[in-house]
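Computed from the coordinates by the stated procedures, all read-outs in this text should not be read as laboratory data. Only a predicted model underlies this, so the values are computations on that prediction, with no experimental measurement involved. Here the Cβ positions follow ideal geometry from the backbone for every residue, glycine too, while neighbour counts run over all protein chains shown.
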Amino acid sequence: MSRVASASAALQLTRKLSEAGISHPGVLQALAATPRELFVDGALAHKAYENTALPIGSGQTISQPYIVGRMTELVLTAHPAKVLEIGTGSGYQAAILAQLVPQLYTVERIKSLQIQARQRLKRLDLHNVSFKYGDGWQGWENRAPFDAIVVTAAAAEIPEALLQQLADGGVLVVPVGENNQQLLRIVRDGERYSSSVIEAVRFVPLVSGALA
């Protein structure tokens, strides 16, 4: 896909996302500026600007652009300086966030995906991202607290470690559930947490324990 074709397709996609309810100008600009074809297998490049999830190997997917935009908007409600992402995956969500927040930390349990994501973000000249190879259920304790945490896989239950690593007033954006998943926005107020259901979603499961 040529650079001109990519830019044109990205612009068309962001128009569709705007019509679907993504309204934050910065989020739309970041989505338009990010070449999604870099984050998928070459054989799927022709589908890169469809509003759909695509496989990226190792049983994982790159989320549909609408969900990436929606979750990014929810993260930005915290006006964050420091964000933790659980599940680097292809690096696409990280690429969007890195254009909008001063410092991003991201954790991935599959080494091959982490290596590829790091290379992609370097290619895009995004250098405000710190990477960790580890179990996302445990967060990144020695870099906490975080103004916002976003989880890009569905947790069977809300990971306690992530709640504890939120700054006071911080926002956790996390899909929860197995068959019937809901995207939640959780806000910390001291030792109390309030949650709101955003919408029904479908994510791969958040795996705990052994790394791959």
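Once C-alpha pairs closer than 8 Å and six or more residues apart are averaged by separation and normalised to the residue number of the chain, the relative contact order reads 16 percent. Under the simplified labelling scheme, the Gln103-Asn179 pair shows an inter-label distance of 4.4 nm, with each label point 7 Å from Cα along Cα→Cβ. The angle between the Cα long axis of helix 65-76 and the main principal axis of the chain comes to about 40°, on a 0 to 90 degree scale. About its Cα centre, region 53-201 has a charge dipole of approximately 600 debye under the convention of +1 per Lys or Arg Cβ and -1 per Asp or Glu Cβ, with nothing else charged. With axes computed from alpha carbons, what is the tilt in degrees of helix 111-123 against the longest principal axis of the chain, rounded to the nearest 10 within 0 to 90? Between helix and principal axis, roughly 60 degrees. Relative intensity of the chain on a log10 scale, I(q)/I(0) at q = 0.08, 0.09, 0.18, 0.19 Å⁻¹, equals -0.24, -0.31, -1.35, -1.53, per a Debye sum over C-alpha point scatterers of equal strength in the absence of solvent. Taking label positions 7 Å along the Cα-Cβ direction at both Asp189 and Ala32, the computed distance is 3.7 nm, reported to one decimal. Relative to the longest principal axis of the Cα atoms of the chain, the long axis of helix 3-20 lies at roughly 50 degrees. Using a 10 angstrom Cβ neighbour count of at most 14 plus a DSSP loop assignment to flag exposed GluC sites (Glu not before Pro), which longest range of the chain is free of such sites? With GluC sites (Glu not before Pro) excluded where exposed in loops, the chain gives 1-156 as its longest stretch. Only helical runs count toward this figure. For the chain, summing -39,500 (n - 2.57) over DSSP H runs of n ≥ 4 and dividing by all residues gives -9000 deg cm²/dmol at 222 nm.
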